[in-house]
Amino acid sequence: MSPEPLLNVEVLVKRFGGFRALDGVSFHLHPGEVLGLVGPNGSGKTTCINVICGLYAPDGGEVVFDGRSIAGEKSHRLVKAGINRTFQSPRPFLSLTVRENVEVAAHYGDPKPGFDIDALLALLELDRYSQRPAAELNSAQQKTLDLARAMATEPRLLLVDELAAGLNPAELSRMADRLRALADGGMALLVVEHLMGFIDKVTDRVVVMAAGREFFGGTLADATRDPEVIRVFLGGGHHG
Amino acid sequence: MPDTAAEARRRLIRRVVLDTSIAAAVVIFMGVVRGFYSNELMLFNFVVFLALAQGLNIIYGFTGYLPFGYVGFYGAGAYGFSLVVMHLHVPALLGMAAAAGAALVLAVILLPLLRLSGAYFAIASMAAAQAVYEVVANPDLEDITKGPYGVSLSDVFAPAFSYYVALAILAFALLLVVWLRNSRFGMSLQAIRDDSVSAAMAGVSVVRGRTIAWLLSALVAGLVGGVFAWHISVFYPDTAFDLSVSIFATVFLLFGGATTLSGPLLGVFILYGIYNVIGIAVPQYFQFTYGALIVLLVLFLPNGLVSLLTRRGIRVP
């Protein structure tokens, strides 16, 4: 693992009116590492991804990617810089074909010259649908297409927002293998997920969030033994 | 069936050839028919609406913005042309450059409207067109715009030449749509229309894409407005900024089917054809027939005539 983190999130704050969705969260991520971001609903996981990928400008704190502050930069610029994401509910371009969905990203997302769209579609088992409109795909296939769109820009940091939700066990296992393979290739992954089995299979370590800040960092096994983590997930009655 | 880059390229070439052939056929037809049919004004109006519907197709079909005030660019073009021809006595073709310039300047001024969406955008664009009309028709500006008393451009009156210039503009509008339908830029616009957040995450600059589409769409309307002023040579501000120009272009586009090349063409040929036939033969039934057609369209074919084929998985040029 590289000594220098690829991503450094430092005391990040995001407010919506009077509500602090992110309240000083900090963590870092190295190339080739898979970090799980877990926490109850409303703890700020997706907001965190939205700030890192440029959808929201932060109200405080820093996001440093590859040694450069990127907080508040436009999404399409961050994509070219090497950041991409998937969405909790897949958001393909419904009127375009599967291949065109990936083609747009492969053209505008600045992958290396000679990027092979067909090889990517084959890798993700979408090749047989390549001429079909994305609207005809089922939910799991649309999620995979979302991943294909992100991968076509050859990101160095991939933010994965609840990719596993709604997948059957076989699909889950395939998706976990895919994400691990991406990390083995040197990509850094930040994975937001509720399914702990999936998190266990995919991540190297986890950051547990509640109320917009992190309060645990370490392996998932350690997290499950941490009384504070148990209290946040199960309610106030448990005292370890 | 798996797709490959080579197949995709072959399919693209076939599409471009088919689209360009349709565009060429329409332009040639509108050129040839002038030799056989004496009602030139009607033919000219066909060319005007064929081009306007494609211009509107650029902004609505490819980005989803529906400007009810589209006529504002048409009027700006008409007055851009008229002002330089009246005051600077430039040749008509140079006046066309002023028409394009006036529409583009208006489009740049109205760029902030693209921050709105849906009905808000439609209404705001209509208000903007109305505002420009009020300025042009202001009696206090009579020395410059001739105010509400209208413009007379008898010095440059050239019905035959201006008709062919209109055909050239139609060809330009059609080729723009052919390009958008078959280029990566056009694909990126459709991506923005489908989901702007996802498009940004594909590396597409959403603001840049929408801006270019907006300017191109305004450019087409400005050129059409300019050639309208040239061809008609005497007109009033309420003709150049007539909201029914927007409505007609919108209805033709939606009737045929946006994003396609052939949809707006069908819309104009069928609806404007019916409009002229009924308007001449049984004008008392015009409103009823037209209204009924539009109601039927909205109820049964909200995506236009071409959706009869596209919903069966057939790609329409």
Problem set entry | For chain B, calculated [θ]222 nm from helices alone, where every DSSP H run of n ≥ 4 adds -39500 (n - 2.57) | -22500 deg cm²/dmol
Exercise. Which of these, B:F185, B:F36, B:F172, has the largest mean-square fluctuation under a Gaussian network model of chain B (Cα springs below 10 Å)?
Worked result: B:F36
Seminar exercise, completed: Computed over region B:4-242, the Cα gyration tensor eigenvalues, each multiplied by 5 and square-rooted, give semi-axes in Å (largest first) of 32, 24, 13
Exercise. Summing -39500 (n - 2.57) over the DSSP H runs of n ≥ 4 in chain A and dividing by its residue number, what mean residue ellipticity at 222 nm do you reach, to the nearest 500 deg cm²/dmol?
Worked result: -10000 deg cm²/dmol
Exercise. What share of the DSSP beta bridges in the protein assembly as shown is antiparallel, in percent to the nearest 5?
Worked result: 60
Exercise. Any idea what the dipole of region A:47-105 comes to, in debye rounded to 20, about its Cα centre with Lys/Arg Cβ at +1 and Asp/Glu Cβ at -1?
Worked result: 140
For this session: Go ahead and set up a Gaussian network model of chain A, Cα springs under 10 Å, then flag whichever of A:R91, A:R128, A:R20 fluctuates most.
Result: A:R128
Problem set entry | Relative frequency of Cα-Cα separations exceeding 29 Å in the protein assembly as shown, percent | 60
Seminar exercise, completed: Per DSSP, the loop-located GluC sites (Glu not before Pro) within region A:50-142 having at most 16 other beta carbons within 10 Å are A:E125
For this session: Compute the relative contact order of chain B as a whole-number percentage, counting only Cα pairs closer than 8 Å that sit 6 or more residues apart in sequence.
Result: 28
Exercise. Quick one: of the DSSP bridges fully inside chain A, what percent are antiparallel, nearest 5?
Worked result: 55
Exercise. How much length is gained on full extension from B:S21 to B:I123, taking 0.36 nm per residue of separation minus their Cα-Cα distance?
Worked result: 33.1 nm
Problem set entry | Rounded tilt (10° steps) of A:169-184 against the dominant C-alpha axis of chain A | 90
Seminar exercise, completed: Counting Lys and Arg as +1 and Asp and Glu as -1 over every other residue whose Cβ sits under 14 Å from the Cβ of B:V71, the net charge comes to -3
Exercise. What full-extension length gain, to one decimal in nm, is calculated for B:E40 and B:E142 as 0.36 nm per residue of separation minus the Cα-Cα distance?
Worked result: 33.6 nm
Exercise. In a GNM of chain A with a 10 Å cut-off on Cα contacts, which of A:F198, A:F215, A:F16 has the highest mean-square fluctuation?
Worked result: A:F16
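FYI, it's all coordinate maths here, none of it is from the lab. Everything numeric in this text was worked out from a predicted model, so none of it was measured. Note that we place each Cβ from the backbone using ideal geometry, even for glycine, and neighbour counts take in every protein chain shown.
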